[in-house]
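Reading through the structure tokens given below for one structure.
No lab work stands behind these numbers, since they all come straight from the coordinates. Every value quoted in this text rests on a predicted model; they were computed, and no experiment measured them. Using ideal geometry, Cβ is built from the backbone for each residue, glycine included, and neighbour counts are taken over all protein chains shown.
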Amino acid sequence: MAENVTPRVRVPREASAGETVSIRTLISHPMESGQRRDSDGNVIPRSIINRFVCTFNGETVVDVTIEPSVSTNPYFQFDAVVPESGTFTFIWYDDDGSVYEETADIAVN
Amino acid sequence: MVTIKKNRLGLMGGAAVAALAFAGTAMADIGDNESLVVNGEIEMVIETDPPEHLQGVFDRIYSGWVFRSDETQAMQADDFENPGMIFADQAREAFDTVMGSEGNSCATCHENPESLADVRSTYPVWDEEHGTVQTVELQVNECMTERMGAEPYGYDSQEMRNMSALISSVGRGRIINVAMDGPAQETWEQGREIYYTRYGLLELSCANCHEQNYGNNIRADHLSQGQINAFPAYRLRNAQLNSVHGRFRGCIRDTRAETFAVGSPEFVALELYVATRGNGLTVEGPSIRN
């Protein structure tokens, strides 16, 4: 069970129609790979974020499968074209079944 | 590379004439055109006139930020890019968590972390009640043991570094103004003594590197003036927050000496003295360093 998992997103508040905006996301997470052993020689069980999805007004922007080699506190930055005002929804799926969700509104003028 | 040139030039006065030929415009960079504004709103003082007790020692005092590469500098200018803020946010949760036998959290007395905005810029400070100089870490543990009935954090533990980062982060932009007179003076003088004492097989004092050779290379890195206004620092080399005392220990260890312990009276005295060397700079922690 991962503790202190906090999602953060940075989306511009405003854009013009059809503009490409840069979106930054970060989630604090230990991303334990499942390859390491503790001091007693036991395998530390895998515990990672395995999927990250960003949608805009219900339409998929990115859908990422994340593997154990991704390091602590995964950071994703990507561009998206914004045709209209709306809401970005960001969802992270944890190995332990937890789902973390964050939203950000953007206004098109 | 620009950083190397500008520092060497800006800081080695007499030798600069010969060096001008190859470094040219870089010299103007040191402090003159650079500025650090965090999140577009918190303005930092990255260089200023030295405090009175350092006049004749330094022409100017510089935040360690000045000595870092452009990329490292940029990370500190935006909280989203600054991994140190993740740890400060973790402490924000701890701040509201009830700990110990008294049923208190930090928030019971202090409401929110922002109410502690003046702390980082004035610590270490003389504590009348206990008759000693208190660092932020000692103060946190005093609250935990005496007012919350909780087990104290380890002085250099993850929880303590997180809390220290939080207390520093809410005070960013405040001018460092640590008192060295009055009852704290004796401790301050002890700290100065340690600063100028050569330790270890290499027989190096703090001053040998950070006063006489700042701006020069130490292996692949550049020596700063050893200011601690930007601690705790998120170091890229170990990807975690590093405390002031952790840094002191690392420096003394590198002279191949037996070091003082973190949280020891010797390091508290040294922290007080070094903090006053930065009076006039701003609180920057959690900062990004190599």
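Quick notes on this structure:
- Between 0 and 90°, nearest 10: helix B:265-277 axis offset from chain B longest Cα axis: 50 degrees
- Rounded to the nearest 20 debye, dipole of region A:1-40 from Cβ charges on Lys, Arg, Asp, Glu: 160 debye
- Beta bridge orientation in region A:6-108: antiparallel %, DSSP, nearest 5: 95 percent
- Compared with the alpha-carbon gap, the fully stretched path from A:Thr87 to A:Ser22 is longer by 21.9 nm at 0.36 nm per residue.
- Look at where the Cα atoms of region B:134-193 and of region B:229-290 average out, and the two centres are 12 Å apart.
- When the charge dipole of the protein assembly as shown is built from unit charges on Cβ atoms (+1 for Lys and Arg, -1 for Asp and Glu) and taken about the Cα centre, the candidate among B:Val170, A:Phe76, B:Leu236 whose Cα reaches farthest toward its positive end is B:Leu236.
- DSSP bridge pairs, region B:131-290: antiparallel proportion in percent, nearest 5: 65 percent
- Computed magnitude of the charge dipole of region A:6-108 (debye, nearest 20; Cβ of K, R +1, Cβ of D, E -1): 280 debye
- Relative contact order [Cα under 8 Å, 6+ residues apart], region B:71-188, whole percent: 33 percent
- Sequence of B:Phe58, B:Phe267 once ranked by neighbouring C-beta atoms within 10 Å, starting from the fewest: B:Phe58, B:Phe267
- DSSP beta bridges fully contained in chain B are about 75 percent antiparallel.
- Relative to the longest principal axis of the Cα atoms of chain B, helix B:2-11 runs at roughly 80 degrees.
- Alpha carbon centroid spacing (whole Å) that separates region A:42-109 from region B:57-83: 31 Å
- This ranking places A:Glu102, A:Glu14 by how few other beta-carbon atoms lie within 10 Å of each, fewest first, which gives A:Glu14, A:Glu102.
- Here the relative contact order of chain B, from alpha carbon pairs under 8 Å that lie six or more residues apart, stands at 25 percent.
- Counting only alpha carbon atoms, the long axis of helix B:158-169 and the longest principal axis of chain B meet at about 70°.
- Only Lys, Arg, Asp and Glu carry charge here, each on its Cβ (+1 for the first two, -1 for the last two); on that basis the protein assembly as shown has a dipole of about 1500 debye about its Cα centre.
- With contributions of -39500 (n - 2.57) from each DSSP H run of at least four residues, the per-residue ellipticity at 222 nm computed over chain B stands at -10000 deg cm²/dmol.
- Comparing A:Phe78, A:Phe90, A:Phe52 in a Gaussian network model of chain A, where Cα atoms under 10 Å apart are tied by springs, the biggest mean-square fluctuation is seen for A:Phe78.
- For region A:6-108: rounded, prolate or oblate by the Cα gyration tensor [a/c cutoff 1.5]: prolate
- Neighbourhood net charge (13 Å Cβ-Cβ; Lys/Arg +1, Asp/Glu -1) for B:Arg247: +3
- Across region B:179-290, C-alpha contacts under 8 Å between residues 6 or more apart give a mean separation that, scaled by the residue count, equals a relative contact order of 37 percent.
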